[in-house]
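The values are calculated or read from the model by the stated rules, or taken from the named source; none is laboratory data. Predicted, not measured: the structure shown is a model, and the values here were computed from it. Please note: Cβ atoms are built from the backbone with ideal geometry, for glycine as well, and neighbour counts cover all protein chains shown.
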Amino acid sequence: MNIIDNLENNSKKFSNKIAIIFEDQKISYKELNDQVKKISLKINELDVKVISLISENSILFIITYLGIIKSGRTVHVIPPEISEINFNNQVKSSNSQIIICSESTFQNISKFPKINIPILKISKLIEQIKNKKNYLKKNEVAHLIYTSGTTSIPKGVGITHNMLNFTTKNIIDILGYSSSDIDILPLPLYHSFGLGCVYTSLTVGSTIILHKDASNLENLLNSIKKYKATTFAAIPTTLTKFLKSKNLDLIKYFSDIRLIITNSMSIPKTTVQDYKKILQNGNLATYYGLTEASRSTFMIFQKNSSKDESVGKSAPGVSIKIDNGEISIKGKNVISKYWKNEIADKNIIEGWLKTGDIGFLDDENYLFLKGRKDDIINIGGEKVLPFEIEEIVKQIPEVLDVAAFGIKNEIFGQVIKLHIVKSKESNMDKSKILIHCIKNLEKFKIPNKIDFVEEIPKTSYGKVKRFMLK
């Protein structure tokens, strides 16, 4: 059984039920399955093994993605805002032989001069594909995603159907997804968090309310209320923005929500506690994982729990250990090797993936994250993780976002610099930040330099691109 088998079954079980709503478009399970079949048949005429897909969120993206999967090919999923250098590197590394794209992304990538493989628009797919049949044996790699490259060059990660089945089953079993759910999804579908939500919904037969992105908070809240949504997937930054927005009765908007699921970036403890109060009929949950090891832990924040800073316990079939502070993961959700990258493969030893993340397990085996190994700031021999500083600064109400990082210093080797995004109506100055830090941090952790900025560079799913700050 895989996602295509589940879609086929649900097209019979819930034939007229709406599978996806996107803006003013709707598609039923039967219609979705029929469209996937059509795309699959056309793709079967192509003599290719890997197909690159680049598109913003849409129903057509999901149809095309599933059509490629059904044809037995591997989907190389590309972010729409990718740079020309990364685009060319990924297409070359993936050995992709054709690019399928949306109308808007075609306008961007068609300007790249070094593309030497065919580009097809999704909307013109049927008309443009040549009638050349070459049925391939089903490829065990469902899709190929390149890591975000927040600290290094992006690495190709091939995810198999078995890995996806394993992870989807854990999501459903642990978080209780069912066909009665109505799922608000504003996450990018070219990332494993967003794709995992699609797999979950289409497997159980629920309805997806798809959004282009999470930039319009009012639109998201209206959508939650209009469709009486039961689940909502969002990165921590979006959840914090809701709390920072004034005059929003979040208790009213989230009255039907049984679950908000987020991912394992830094979630301020106060944010977790606030959502415990807001979700009177539901829970906030998070997971920890990498593209290489998706959904390795789960944490459902219970009302009376004292572990609001944890990312939970390992999922069934997943093992976690700590070596010199670094988290390693082993399980059926973990890749056996990277995509044609022998250097990166050295991080996988006897099935254990060295994550590069720093953390610890408490005496009940709850995992706590502290940050990235590469992000450690060395101040005169004292090791500081940005997470520690950021959590303290985020306590200040006027602070919308913050990033801490190390800069060179002749005496101490490194000192801490902060980039802070403050609310537009705030007249907060740097002295307020420093006073708060002096009261709540050890002396060597107090920032040496503070800059107010318009935004902090992040990936589309919220991870800080620290190499751009440094």
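Within the range 382-391, the set of residues being within 14 Å of LYS443 (Cβ to Cβ) and more than 23 Å from the chain's Cα centre (by Cα) comprises GLU382, VAL384, ILE389. Among residues of the range 397-414 that are free of Cβ contacts under 8 Å to residues at least 12 places away in the same chain, none has a beta-carbon under 7 Å from a residue that is aromatic (Phe, Trp, Tyr) at least six positions away or on a different chain.
Within the range 24-33, is there a residue that is under 23 Å from SER104 (Cα atoms) and crowded, with 18+ Cβ neighbours inside 10 Å? Scanning the range 24-33 turns up at least one residue that is under 23 Å from SER104 (Cα atoms) and crowded, with 18+ Cβ neighbours inside 10 Å.
Taking ILE62, is it closer than 21 Å to ILE20 by Cα and either among the hydrophobic types (A, V, I, L, M, F, W, C) or in contact with an Asp or Glu (Cβ under 9 Å, 6 or more places away or on another chain) (or both)? First the steps, then the outcome.
Values: closer than 21 Å to ILE20 by Cα: yes; either among the hydrophobic types (A, V, I, L, M, F, W, C) or in contact with an Asp or Glu (Cβ under 9 Å, 6 or more places away or on another chain) (or both): yes.
The answer is yes for ILE62.
For SER71, the criteria (1) surrounded by fewer than 16 Cβ atoms within 10 Å (Cβ to Cβ); (2) within 30 Å of ASN33 (Cβ to Cβ) hold in every case but one, which is (1).
Per-residue answers, yes or no, for (1) at pLDDT 95 or above; (2) in the same structural domain as GLN302 (by TED's automatic domain parsing); (3) in contact with a strand residue (DSSP E or B) (Cβ under 8 Å, 6 or more places away or on another chain); (4) farther than 23 Å from GLY312 by Cα:
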site: ASP362; (1), (2), (3), (4): yes, yes, yes, no
site: GLY380; (1), (2), (3), (4): no, no, yes, yes
site: ILE396; (1), (2), (3), (4): no, no, no, yes
site: ILE407; (1), (2), (3), (4): no, no, yes, yes
site: GLN414; (1), (2), (3), (4): no, no, yes, yes
site: ASN427; (1), (2), (3), (4): no, no, no, yes
site: ILE450; (1), (2), (3), (4): yes, no, yes, yes
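Taking residues in the range 437-466 that are more than 24 Å from ILE78 (Cβ to Cβ) and without any contact (Cβ under 8 Å) to a residue 60 or more places away in the chain, and partners anywhere that are small (Gly, Ala, Ser) and not in a helix (DSSP H, G or I), the pairs with Cβ atoms closer than 9 Å and at least 6 places apart or on different chains are PRO447/ALA404; VAL453/ALA403.
Just wondering, is there one or more residues in the range 246-253 that are surrounded by 14 or more Cβ atoms within 10 Å (Cβ to Cβ) and under 21 Å from the mean Cα position of the chain (by Cα)? Give the steps one after another, and end with the answer.
Initially, the range 246-253 is screened for residues surrounded by 14 or more Cβ atoms within 10 Å (Cβ to Cβ), giving 248, 250, 253.
Now narrow it down to the ones that are under 21 Å from the mean Cα position of the chain (by Cα): none.
Taking every residue of the range 246-253 in turn, none turns out to be surrounded by 14 or more Cβ atoms within 10 Å (Cβ to Cβ) and under 21 Å from the mean Cα position of the chain (by Cα).
Right, PHE112: crowded, with 18+ Cβ neighbours inside 10 Å, among the aromatic types (Phe, Trp, Tyr), modelled with pLDDT under 95 and on the phi < 0 side of the Ramachandran plot or not?
Numbers: crowded, with 18+ Cβ neighbours inside 10 Å: no; among the aromatic types (Phe, Trp, Tyr): yes; modelled with pLDDT under 95: yes; on the phi < 0 side of the Ramachandran plot: yes.
Taking the combined requirement at face value, the residue does not satisfy it.
For the range 277-287, which residues satisfy the criterion of being at pLDDT 95 or above and not aliphatic (A, V, I, L, M)? Passing the criteria: GLY282, ASN283, THR286, TYR287. Checked against the criterion of being closer than 19 Å to LEU195 by Cα and of a type in the set (D, E, K, R), the candidates LYS42, LYS70 yield just one match: LYS70.
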